[in-house]
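K.L.:
Sharing a structure below in structure tokens format, with a few things to ask.
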């Protein structure tokens, strides 16, 4: 096979459009901002900020769940007994 046998069709070139549509949430943020957010990049930064703040709030809430264990203090004349396999109870001194 020689180079003379190869043919290229250089006629009509087809062009495809790869325009990417904005995500709905970005469009919503831009609409709700009342014109303060003018670009998709700004809207993305606002959304990223909301995610970061939400993450911090969730972290704080979850870290407080572990808290301290309840402390049982007996009233005067009683002491707390912790029997095995049973709930704590008060016993008179």
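K.L.:
So which residues in region 21-44 are outside any helix (DSSP H, G or I) and in contact with a helix residue (DSSP H, G or I) (Cβ under 7 Å, 6 or more places away or on another chain)?
P.N.:
First pass over region 21-44, keeping only residues outside any helix (DSSP H, G or I): 21-23, 33-39.
Passing the criteria: 22, 37.
K.L.:
Same structure, new question: Against the condition modelled with pLDDT of 90 or more and assigned to a helix (DSSP H, G or I), how does residue 64 come out, does it pass?
P.N.:
Numbers: modelled with pLDDT of 90 or more: no; assigned to a helix (DSSP H, G or I): yes.
Answer is no for this residue.
K.L.:
Now a separate question. Return the residues of region 44-93 that are over 30 Å from residue 24 (Cα atoms) and either in contact (Cβ under 8 Å) with a residue 40 or more places away in the chain or surrounded by 10 or more Cβ atoms within 10 Å (Cβ to Cβ) (or both); say none if nothing qualifies.
P.N.:
72, 74, 78, 79, 80, 81, 88, 89, 90, 91
Okay, residues lined up against (1) in contact with a helix residue (DSSP H, G or I) (Cβ under 9 Å, 6 or more places away or on another chain); (2) modelled with pLDDT of 90 or more; (3) not in a helix (DSSP H, G or I):
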{"site": "7", "(1), (2), (3)": "no, no, yes"}
{"site": "46", "(1), (2), (3)": "yes, yes, no"}
{"site": "54", "(1), (2), (3)": "no, yes, no"}
{"site": "58", "(1), (2), (3)": "no, yes, no"}
{"site": "71", "(1), (2), (3)": "no, no, yes"}
{"site": "83", "(1), (2), (3)": "no, no, yes"}
{"site": "90", "(1), (2), (3)": "no, no, yes"}
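The values are calculated or read from the model by the stated rules, or taken from the named source; none is laboratory data. Computed from a prediction, not measured in an experiment: that's the story for all the values here. Positions of Cβ are generated from backbone atoms using ideal geometry, with glycine treated the same way; all protein chains shown enter the neighbour counts.
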